[in-house]
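Presented below is the structure to which this report refers.
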Amino acid sequence: MKFYALQLALLSIVALCRGQSDSGGCLTLDDLNLPTISRCHNRDIKDALLIAMGTSCGHTPKQEAMFLTGETNHWAAYRTLLDLCEVTIESCVPNSELDFSNVGRCSYWPDILNLIRQSQSEGCTRNAELDASLIVRDMTATPDDPYPELLPWRGGEDSAFEYLKAQCELEVSSCLASYDLLDFTDATTCQLHHIDAEYSSHRREGCTRAIQYDSILLLQEEDDADEPAVYVWSDNNDDTIDAYDVLRDDCYNTNEPCTAMEDLDFENIRACKERYILDEFNNGLEGECPHSHRTRKQDAMVAAKSDDYYAALAILMENCESRIMPCQTLDEFDFSFVDQCDLPRIEKHINKARQEMACPSYDSRPVKDEALLMTGADIYRKHHNTANDGTDAESILIETCKERIKSCSLQPGSSLEVKGCDWTSFKAAVQKGVRENGCVRHLPVELSALEQELLAQTGQTASALINATCADAWGTIPTSTFEQIDSEFTNEFMLDYVDGQTHLNLNTGNFQGEDVGERDGEIGENINEFRHNEAELTSLEGFAPLQSCQNQAIMCCFGRDRQFGDNNGNCRQRNCNDRDPADNSNLCKTNTQAYPNNDAPENQIHCHGFAWGSDENDFARQLMFNNFFYVSLYDHMYTRGYVERTIPSDPDDFRMCDCIEDMPPVTRSDCTEVDLAPFVVSRSEAGDAITAEAPDTLDIEFNSCRGLGRNNDLSTHIKRLVSEGRMSEDMQSKAYETLVGYENPRDNNNEEACEAIVGAGM
């Protein structure tokens, strides 16, 4: 207002010189109140005129302007009023004085405008940007230049904003009196909002500046260097100091977690996963920690010195991965006596080992997580590994197990009792040994373990070693011949015997009991004595052609009973001419004739046989002629008197006893098998040698054979040999071409089986 009166006087003089007076108008210049006008603009001048004239003045704003200025046209009148406005308009801020101490940001023009709005006098409607130009005009006025040109609000360095910003930066100050007021000891976390909570509690009254800006001021004020550093809130520039980093680092250094990183039991944690890592913070928070109000996630952030939970979790996971450990590493774990190399049994073995070790993680860590640690795998089950590259824990454990599993039935320095001495009998002994040694292990697993050990130590397979040493052991068994039974029993005689053509076959009379002929009695005594001596203690040597049977079985079919008084067959003391044996089978046909329905001359026949395994060392094969002696000479001729082939009159050339492939088809046959004292298979103390030792005495026993579905039946016994792996199915099929009633072995006659092959033209 200091120049306002002078301006009015000048306008009055102008009006008088032009012969006009202001008495013709409704207003005076004072009525326009130009110092508080919103802006010096035609429209605002017009509005000021309208407001001042009210409704009682009959002039238009243009007319009134001409009256006020003495101008003869309204354009000149408005220009004069505008010129007067520009030198008389004043800022709404009293004395144009701004208090920058609490401004938010000096560099942020909206904050400067807000300060101006807050500082403007009540009722002022002027735009803050225009008021800023007026404030700067007043701030920069000098006696020589009382009305500097108004600067634009923004637009380059010569602007009202740039001037006010510079003035603000000179006068602004932090909301905190001192950095030493900050104490982050009790902060919940070192996240920004918790740091801000501590910061805000120390702000001076009225200062609401955000921490992002005030902290920069605070650090600059605290910096007593001659050339203070450049501070920013946060950036990636190493040449500047991040105020946020300073506050956060201070918080990290003073704020303590309830559970420190080094106190976390990551060594025995279940797994390095979020939920298990958070569980590790439970004990600290449940104790006497002054920060028990924290959540587990918050304490984890403090422990990891991070203001971001997921960044803290990553730090904790990395620390966990570096410290977690299995009870035993894969290299340390002993797979020797795992029951079987499949996942369930390996898991069971791992758990058993952990329990025995009293491993601290046994109760908290499931075996699945333990296995993942042991193997270093990320995937547990093989079927979840879409790459199928063997990197899953299941595949690694199984392959390692197969490489390192050891025999539990034949460990170094141990031995097994083997019935006979061949690969099949050895496997049966191994299976028994597994059970006796407490291994719950399948036979293929045990054999694979033994095979792996022996290959590594000897370079030979287990079967090759067993076959070789068993052959050596069988070679130590004493042998005997048929001539040792009776000097008459030469190979030629025995060939005639099985052909049914010796006096033993053709004569009638007893070998024991009453009415025994001198020679028959002598032969009978010899057979009986051999039965209870050499037949049990030696390996009886054979004779051709029975030595070369192809189908692993021999069968005798008898057609006559020559001896009475033995409770077998149909021979009676005074009625023994061409009498039949006890009937147990049915002859179906020969190459020349079919014999259905037990028609003469077949009548009743009795068949009995035995079989053996394919292995050269199979005990039944090694003792096949012991069994032949027992079946033909002892059990049927000496004991029962059964002799001759079934139909002596049949022109077909078949024998009383022969390889099963050379016998005519019958419905069935009884069967005998041998048993003997066990061999002993031993493994050296170093584990690199296998030796078999024969028993001191064989103690051979002759028993009714065991079969699948029926005992004392040759067809079911053969089926059993196949199931034991001692005979092939192909060999079984060939044997069943002779034993045609194999599907119904309990039917001695089984005419249906005979009719089936006769009708088929077999």
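The values are calculated or read from the model by the stated rules, or taken from the named source; none is laboratory data. From a predicted model like this one, the values you see are computed outputs, not experimental measurements. Ideal geometry is used to build each Cβ from the backbone, glycine not excepted, and the neighbour counts take in all protein chains shown. Accessible surface is based on the protein model in full, side chains and every heavy atom, while ligands, DNA and RNA are left aside. Shrake-Rupley method; radii C 1.70, N 1.55, O 1.52, S 1.80 Å.
Values as computed for the structure displayed
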read-out: Chain lengthening between T386 and A177 when straightened (0.36 nm per residue, less Cα-Cα); value: 68.9 nm
read-out: Peptides 363-372, 541-550 ordered by average Cβ neighbours within 10 Å, highest first; value: 363-372, 541-550
read-out: Phi-based couplings in Hz for region 551-557 (Karplus 6.51, -1.76, 1.60; Gly and Pro marked x); value: 9, 6, 7, 10, 9, 10, 10
read-out: Globularity index of region 554-707, i.e. its alpha-carbon radius of gyration over 2.2 N^0.38 Å; value: 1.31
read-out: Percent accessible area from carbon and sulfur atoms, region 15-163, protein chains only, probe 1.4 Å; value: 47 percent
read-out: Accessible solvent surface per residue of the chain, calculated while the other protein chains remain in place, 1.4 angstrom probe, Å²; value: 48 Å²
read-out: Along principal axes, Cα extents of region 197-337, largest first, whole Å; value: 76, 36, 21
read-out: Value of D in µm² per second that Stokes-Einstein yields for region 387-438, Kirkwood Rh from Cα pairs, at 25 °C (0.890 mPa s); value: 186 µm²/s
read-out: Fully extended contour minus Cα-Cα distance, from A468 to D47, at 0.36 nm per residue; value: 138.9 nm
read-out: The chain, relative contact order [Cα under 8 Å, separation at least 6], %; value: 8 percent
read-out: Among I195, L134, S178 - extreme Cα towards positive end, dipole of region 126-223, charges at beta-carbon; value: L134
read-out: Relative packing of 208-216, 429-437, which averages over residues the other C-beta atoms within 10 Å, highest first; value: 208-216, 429-437
read-out: For region 656-762, alpha-carbon Rg over 2.2 N^0.38 Å; value: 1.44
read-out: Evaluated at q = 0.08, 0.11, 0.20 Å⁻¹: base-10 log I(q)/I(0), Debye formula over Cα of region 322-470; value: -0.27, -0.50, -1.16
read-out: Accessible surface of region 215-292, 1.4 Å probe, proportion on carbon and sulfur as whole %; value: 39 percent
read-out: Sequence-distant residues sharing a close amide H with S539 (under 5 Å, placed H); value: T479, S480
read-out: Counting DSSP beta bridges with both ends in the chain, the antiparallel % (nearest 5); value: 75 percent
read-out: Mean residue ellipticity (222 nm) of the chain, computed from DSSP H runs ≥ 4 via -39,500 (n - 2.57), nearest 500; value: -11500 deg cm²/dmol
read-out: Rounded to the nearest 10 Å², the accessible area of S121 at probe 1.4 Å; value: 50 Å²
read-out: About the Cα centre, charge dipole magnitude for region 597-676 (Lys/Arg +1, Asp/Glu -1 at Cβ), debye; value: 280 debye
read-out: Size of charge dipole - region 228-318 - debye, nearest 20, with Cβ of Lys, Arg +1 and Asp, Glu -1, no other charges; value: 440 debye
read-out: Cross-link partners of K734 among lysines (Cα-Cα below 25 Å; sequence separation of 8 or more within a chain); value: K589, K719
read-out: Dipole magnitude of the chain about its Cα centre (Cβ charges: Lys, Arg +1; Asp, Glu -1), debye to nearest 20; value: 2400 debye
read-out: Carbon plus sulfur fraction of accessible area for region 554-708, probe 1.4 Å, in percent; value: 39 percent
read-out: Rg/Rg_globular for region 318-397, with Rg_globular taken as 2.2 N^0.38 Å and Rg from C-alpha atoms; value: 1.08
read-out: Sites A210 and N127 - FRET efficiency at Förster radius 22 Å, r taken between beta-carbons, to 0.05; value: 0.30
read-out: Positive-end residue of Y638, G459, L540, charge dipole of the chain with Cβ unit charges; value: Y638
